[in-house]
Each structure stands twice: as C-alpha cells, then as structure tokens.
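So the structure is just underneath, and the comments pick up after that.
The values are calculated or read from the model by the stated rules, or taken from the named source; none is laboratory data. Please read these numbers as outputs of a predicted model, since none were measured by experiment. Note that each Cβ is placed from the backbone with ideal geometry, even for glycine, and that neighbours are counted across all protein chains shown.
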Amino acid sequence: MSIRNRLALQFLLLASLILGAAFLMVYALSADHRKDEFAMRLRERGTGTAKLLLEVDAVNEDLLTSIEDNNPVGLPGESIGIHDDHGRAIFHLGAPAANELDTALTRRVLSAGLVRDKQGLYESVAFLFPNKGERYIVVVSAVDLYGRSKLRTEIRLMSFTFLLAQVLIFFVGRFYAQRALSPVQRLVSEIKTTSAANLSRRVHAGNGQDEMAQLARSFNDLLDRLDTTFRSQRDFIANASHELRTPLTMISGQLEVLLLKERSSAEYAGTLRSVLEDMHSLNRLSDRLLQMAQAENTAPVSSFSSVRMDEVLWQARSEVIRMDPSNQVEIDLGEVEDEEDLVVHGNETLLRSLVSNLMENACKYSPDRTARVTLKADANELHITVADKGIGITGEHQARVFEPFFRVDNTATTRGHGVGLSLVARIAQLHKGHVTLVSGPGKGSAFTAHLPKVA
C-alpha cells in the first residue's frame, strides 16, 4: 500500500474515532434528555389529575375518568394511580392495578419524594403529592412513542452522516496526502535519474525550511561526499596503477636488455641487484597501498586498544633499520616522565606504520640518513615529532605533501611513491588526531603526530 493511501486511512481512522465518540456523546445526551423530558410530562399528567380529583369538589371519580378518557393530550398506554400515604388505592385510570402499592416503593417515595422506573417500553414516575395537610402518592406510567421515534430518527440521521463523513474524510485525506507527498514523489523521480555516472546531478531543495527541504539538502550532501569519494578512488587507482607500472616497466626493460646478448658475471650481478632493488621498491609500495586500504576500512571501536607509544617507537625503529642498515633513528623520551602519558587508544599495527613511515621518510631525506624522534605530552595529547636534516619543503608544497602520490619537485632524485605521508595523515585522522609540518628550504622538516591520550 502506498504512503498516500496509508496516510488517508490513518486520517480516516482518527477522524472516525473522534466523530464516532462525538456522535455517541450526542446520542447519550439525547437519550438522557428524552427520559428526563418524558418523566416531566408524566409528572405533569399525574399532578393535573390529582388536582382535579383532590382539589375540585365538583369532580368525582367517574367524571374524572370520563375527562381523562377523552383527553386529546393523553399519553400512549397511560395509566394514572393515586394512593394515600399507606399505599392504598384511591383512584386509578388505565390498566388495572393492585389495590395497594408495594411497601418498598411506598417507603422510597415517602423518603425521596420522586422515584423513576422502567419496565419494558413502559416508563413510570411515582411522586409525593401533598394536599390539605394530607400526603398522597401519584404513580403515572406510559410509553414514550414520540420520544423514541424522535431518538430513532436521530440515530438514522447520525448513521447516515457518519457514513457520508467517512467517504468525504477518506477522499479529502487522500487529496491532502497527495499534496503533502508531492515533494517526496518529485524527490524520488529526481533520485531515480541519479547514478554513479552522473553524481554531479543535484536534487531541487527549494527555498523552504521544512523536512523535505532538509531531506533534499542532506541527499545533496551525500552526493557531494560520494562524488568526492569516487573521484578520490579513481585518482587513487590511476596513480597506484602508474606507480606500480613504473617499477614493473623498469624490471621488464632490464631483463629484456639482459637477454639480448651474453653478459659477464659482473653485468648479470649488477642487473640482478638493480632488479632486486626495484622489486623491493614495488614490495614497499604494495605494502603501503595495503596499509592505506586497512586504514580506510579499520573500525576503531572493534580494533582499538590501549597502546604504549614508547614500545611502538622502538619496534618501528628496528623495522626501519632492518629495511636499510644505513638508516639511523635517535629516540628521545626525556620529556615524558609519567608512563600514563605514553598510552594512546588505537590500533597498534597502524600506529607502528605511522611512526615507521615518518622515520623512513626522515632517513631518506637526511644526508646522514638520521631521523630524530622526540616525544612530548600535555594534558590531552601525545606529540611525536620526527625531524630530518634534508633540503626542506617550500610553503607552496607543504599543504599538498599529505595528498596521495604527491611528490615535491626537489625530491625527484630520491626514490619514493608519495604514499607514506598520506598514509600517516589518514592513520592520525583515524585515531582522532592530526599531523603538522614545520619546514623551510635548507632547514629540514619536522613532522609531528598529535594523538589523544587515554582519558
């Protein structure tokens, strides 16, 4: 079932409940009013009859019976009984009655002054009528044909009105539901035309501040993020393919040249060493690409734990030196005295990758292949600084060094792929931290990872 019909039916149900409750209340009030009105008429008939019989000396029982029989305003099935205060009958008109009232009824009337009763269609009132120092009990009963007929007419009218209102309410609700949902339908139509091939399309948000406008703007924001992500993925794949192709081309070329003619053992060894170096470069690139993928997909909640960064630094140092024995890494923990200041909440593997990439990068660009690592801590963060003595980075390039596959022009002679620093930035971001750079031409570079400590 469509939302439009569901809303119309829900509106119909709610309106029906309210309207039904209102009609029931009107019926109940009408029924009570009919009873009260008929009881008043019964009392008036009984009072009039009692006055004629008890107060007018010229009227006797026979004359009164004749008058009442010919009364044009008499009630259907009417019977009138007049009794003394002991319940003994004095006068009776209509259906035959007992000579005496029920003792319990007599007591109730003498106590309350008025008693109402109903037996089948017959409704009756019994009331106390004082006259000349005497007390009499008047009992009047009849059938309220007119009142009941009027009440039935009201019921039929309300039933017809209720059914007609049901139909009108449904179509009116459906109409307004259609109007209310028309922006949704327009939004759905626009969304259907959006695909991965045309993420640049945006849905019309209008100028309103209602929920539909907010939904449209949220969807456009989602498209912006998806477009940015897809562009980044395309760029990443293109750059990764290029970076992978370069060492593979070099390896292939060297092997083809090697096979063109016979070589000396020294030439074979030199070519194999060059191929091996390219293989190592290719292996490091693939490892970093895998690390970047891991950094993008790692779920912090499920994989994070308390990690001692001093232990991570020493592990990363051993890894960097093992990769190239000429690398030197100096670690200074002097300014961090409390062991609790060394603990961060994160993924140990990714944090080790962050530190090792900074160390490897510093060793690569330092003339003496030395990286200097210092730790500092404040109330909220642990600051890991890795500095080199390289040629430095100009201001125009500092903002782009964390972009994937970006390399500064003055590093063209140094082997690299432009992946390490972007990986560092992504890992820091994943740990709710960030990376800053202080550098200048001829002054070297100092990268600092700022990581929140365990609270």
Within region 365-379, restricting attention to residues that are part of a loop (DSSP other than H, G, I, E, B) and either small (Gly, Ala, Ser) or not assigned by TED's automatic domain parsing to the domain that holds residue 314 (or both), which residue is nearest to the chain's Cα centre (by Cα)?
379
Residue 350, sole failed condition from (1) of a type outside the set (Lys, Arg); (2) closer than 15 Å to residue 427 by Cβ; (3) surrounded by fewer than 21 Cβ atoms within 10 Å (Cβ to Cβ); (4) modelled with pLDDT under 85:
(3)
Has region 395-411 got any residue that is at pLDDT below 85 and touching a strand residue (DSSP E or B) at 6+ places or on another chain (Cβ under 6 Å)?
yes
In region 72-91, which residue that is out of contact with any helix residue (DSSP H, G or I) (no Cβ under 9 Å at 6 or more places or on another chain) and surrounded by 12 or more Cβ atoms within 10 Å (Cβ to Cβ) is modelled with the lowest pLDDT?
89
Could you grab me the full set of residues in region 423-455 that are part of a loop (DSSP other than H, G, I, E, B) and small (Gly, Ala, Ser)?
433, 440, 442, 444, 455
Failed item, numbered, when residue 98 is tested on (1) among the hydrophobic types (A, V, I, L, M, F, W, C); (2) farther than 23 Å from residue 41 by Cβ; (3) over 60 Å from the mean Cα position of the chain (by Cα); (4) at pLDDT 85 or above:
(4)
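Here is a yes/no grid of residues against (1) touching a residue at least 40 places away in the same chain (Cβ under 8 Å); (2) over 60 Å from the mean Cα position of the chain (by Cα); (3) buried (at least 16 other Cβ atoms within 10 Å of the Cβ); (4) outside the structural domain of residue 78 (by TED's automatic domain parsing):
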position: 118; (1), (2), (3), (4): no, no, no, no
position: 122; (1), (2), (3), (4): yes, yes, yes, no
position: 126; (1), (2), (3), (4): no, yes, yes, no
position: 135; (1), (2), (3), (4): yes, yes, no, no
Name the one entry in 443, 432, 453 that is surrounded by fewer than 19 Cβ atoms within 10 Å (Cβ to Cβ), at pLDDT 80 or above and under 16 Å from residue 364 (Cα atoms).
443
Among residues of region 258-270 being surrounded by 11 or more Cβ atoms within 10 Å (Cβ to Cβ) and at pLDDT below 80, the residue farthest from residue 323 (Cα to Cα) is 263
Taking region 6-40, which residues are in contact (Cβ under 8 Å) with a residue 40 or more places away in the chain and more than 44 Å from the chain's Cα centre (by Cα)?
30, 31, 34, 35, 37, 38, 39
Verdict on residue 143 being surrounded by 15 or more Cβ atoms within 10 Å (Cβ to Cβ), in contact (Cβ under 8 Å) with a residue 40 or more places away in the chain and assigned by TED's automatic domain parsing to the domain that holds residue 23
yes
Out of region 437-455, which residues are in contact with a strand residue (DSSP E or B) (Cβ under 7 Å, 6 or more places away or on another chain) and closer than 13 Å to residue 343 by Cα?
450, 451, 452, 453, 454
